Amino acid sequence: MSNFKLKATHAPVKAYYETLERFGRGKFDNEGNIRRAFEALLEKCARGYEWFLVAEYPIPRTGPEPAEGGRGGAGCLQFAARVLGGEGREGRPEGGDE
């Protein structure tokens, strides 16, 4: 499996930072808006690897439940073939064998 290669100069990352800038100028830089912008970045980058974003991935807990209003999960990227039972390319970007 290849490493996930992403640089600040790549178009999706630039678009993410531009979105954050626009949110900041309009005073819309709250958690929900920033979260959605980051999810969009992950979704865009994951497509080339045939991965998909699971925004609310449950984390099994053996200890106490999270505090009131706490989230019981976190986001993760899943390899589509493994989750859906299909064949896949083991994380190779589109058009390449890197």
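The values are calculated or read from the model by the stated rules, or taken from the named source; none is laboratory data. Remember, it's a predicted structure, so these values are computed and weren't measured experimentally. FYI the Cβ positions are ideal-geometry reconstructions off the backbone, even for glycines, and counts take in every protein chain you see.
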Identify all residues within the range 1-28 that are at pLDDT below 90 and under 22 Å from E56 (Cβ atoms); write none if there are none. F4
Determine whether the range 70-90 contains at least one residue that is of a type in the set (D, E) and either assigned to a helix (DSSP H, G or I) or modelled with pLDDT under 55 (or both). yes
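For every residue, the table says whether it meets (1) without any contact (Cβ under 8 Å) to a residue 24 or more places away in the chain; (2) in a helix (DSSP H, G or I); (3) surrounded by 12 or more Cβ atoms within 10 Å (Cβ to Cβ).
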position: A8; (1), (2), (3): yes, no, no
position: V13; (1), (2), (3): no, yes, yes
position: Y16; (1), (2), (3): no, yes, yes
position: D29; (1), (2), (3): yes, no, yes
position: I34; (1), (2), (3): yes, yes, yes
position: A40; (1), (2), (3): no, yes, yes
position: K44; (1), (2), (3): no, yes, yes
position: Y49; (1), (2), (3): no, no, yes
position: V54; (1), (2), (3): no, no, yes
How about the range 18-27: which of its residues are surrounded by 10 or more Cβ atoms within 10 Å (Cβ to Cβ) and not charged (D, E, K, R)? T19, L20, F23, G24
